[in-house]
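Data first, discussion second: the structure below is written as structure tokens.
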Amino acid sequence: MDFIGFNELVWFGFAIFDLTAVVLLFRYFGRVGLIALMVFSLVLCNIQVLKVVELFGITTTLGNILYSGIFLATDILSECYGKKEARQAVRISFVFLILATIYMQVALVYIPAPEDFAQPHLAAIFGLLPRVTLASLLAYSVSQYFDIWAFLHIKKVTEGRFLWLRNNASTLASQFLDSLIFCGVAFYGLYPLSVVLEILLSTYVIKALVTVLETPFIYAARKVYHTHIKDRETKL
């Protein structure tokens, strides 16, 4: 497969689309739009992650773009509203992921009608894998709280300068922590260590690429906040 092929073009186009959607939802719906996006993306990326593809010469799973978009939303909330609002958004999305998991498990319990065709497909997608689910929830909560702390710590140290630095540094570190926790909890002991490390590396490389793409979007979001949202929310 060519290093830049069909999958890579789709990946890049979707990355730009998703990151643009983050900024647009913030522009028109404010913090509520970001929280809704975080819930939507967290649930959906846990479905997309089941599909394995080849990107840039490595084998990886889908869902990394949506997941990285969540970190962009968290950083926007941290930048514009502070720690309290960002943590609240993480808690809300965490709860909705648990609810979505429970609701789909209940749906699978129902005995399907003879003419039903969806049950095996739903079971394949939403069948609960306790270890993977635990790994996902643990990795998300730890990495998101770390991202908020790192972002605001760097902001304080740099006295509010270098937005690109705190966005990239906090997200790159948090995404590595996320991949490390998820792969360690989900796969350690099930696969040889070399395989676990390969999965961790390939997943992190894709997340890191999206993180670099995020930079102009967080600047756009900050401009949107100061030109369209701040005064509107103050009047309310």
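In nm, to one decimal, how far is the VAL53 label point from the LYS223 one, both placed 7 Å along Cα→Cβ?
Distance between the two pseudo-spin positions: 2.9 nm.
Can you compute the equivalent ellipsoid semi-axes for the stretch 1-88, i.e. the square root of 5 times each eigenvalue of the Cα gyration tensor, sorted largest first and rounded to whole Å?
Equivalent-ellipsoid dimensions as semi-axes: 28, 13, 10 Å.
Take LEU201, LEU44, LEU37 and sort them by solvent-accessible surface of the protein heavy atoms, 1.4 Å probe, largest at the top.
Details: LEU201 105, LEU44 55, LEU37 15 Å².
Ranked from most to least accessible, the order is LEU201, LEU44, LEU37.
Pick out, from LEU190, LEU134, ILE47, the residue whose Cα sits farthest towards the positive end of the charge dipole of the chain, with +1 on the Cβ of Lys and Arg and -1 on the Cβ of Asp and Glu.
The listed residue farthest towards the positive side: LEU134.
So, with +1 on the Cβ of K and R and -1 on the Cβ of D and E, and no other charges, what is the size of the charge dipole of the stretch 1-120 about its Cα centre, to the nearest 20 debye? Can you show the working numbers first?
Values: 7 positive and 9 negative charges, 133 e Å.
Using Cβ point charges on Lys, Arg, Asp and Glu, the stretch 1-120 gives about 640 debye.
Counting Lys and Arg as +1 and Asp and Glu as -1, each charge on the Cβ, what is the dipole of the stretch 48-102 about the Cα centre in debye, to the nearest 20?
240 debye
Would you please put 115-124, 60-69 in order of how densely packed they are, using the mean number of other Cβ atoms within 10 angstrom per residue and starting with the highest?
Working: 115-124: 10.4, 60-69: 23.1.
Peptide ranking by packing, descending: 60-69, 115-124.
Give the calculated FRET efficiency between ILE125 and ILE102 to the nearest 0.05, with a Förster radius of 25 Å applied to their Cβ-Cβ distance.
Values: r = 15 Å, r/R0 = 0.61.
Computed FRET efficiency for ILE125 and ILE102 comes out at 0.95.
Structure shown: which of LYS51/LYS84; LYS156/LYS230; LYS155/LYS230; LYS51/LYS230; LYS156/LYS207; LYS83/LYS223 lie over 30 Å apart, alpha-carbon to alpha-carbon?
Violating the 30 Å limit, Cα to Cα: LYS51/LYS84; LYS51/LYS230.
Would you kindly state how much longer the chain becomes between VAL109 and VAL205 on full extension, computed as 0.36 nm times their sequence separation minus their alpha carbon distance, in nm to one decimal? Intermediate results must be reported in sequence, preceding the final value.
On the way: separation 96, 0.36 × 96 = 34.56 nm, distance 3.79 nm.
In short, 30.8 nm is gained.
To the nearest 0.05, how large is the calculated FRET efficiency for VAL157 and LEU134 if R₀ is 45 Å and r is the Cβ-Cβ distance? Don't skip to the end; give the middle numbers.
Values: r = 34 Å, r/R0 = 0.76.
My answer for the efficiency is 0.85.
Give me the net charge of GLU79's neighbourhood, meaning all other residues with Cβ under 10 Å from the Cβ of GLU79; Lys, Arg count +1, Asp, Glu -1.
Counting the neighbours of GLU79, the net charge comes to +2.
The values are calculated or read from the model by the stated rules, or taken from the named source; none is laboratory data. None of the values given here were measured: they were computed from a predicted structure. In this analysis, Cβ positions are derived from the backbone assuming ideal geometry, glycine residues included, and neighbour counts consider all displayed protein chains. Side chains are part of the model used for accessible areas, which takes the heavy atoms of the whole protein and leaves out ligands, DNA and RNA. Shrake-Rupley method; radii C 1.70, N 1.55, O 1.52, S 1.80 Å.
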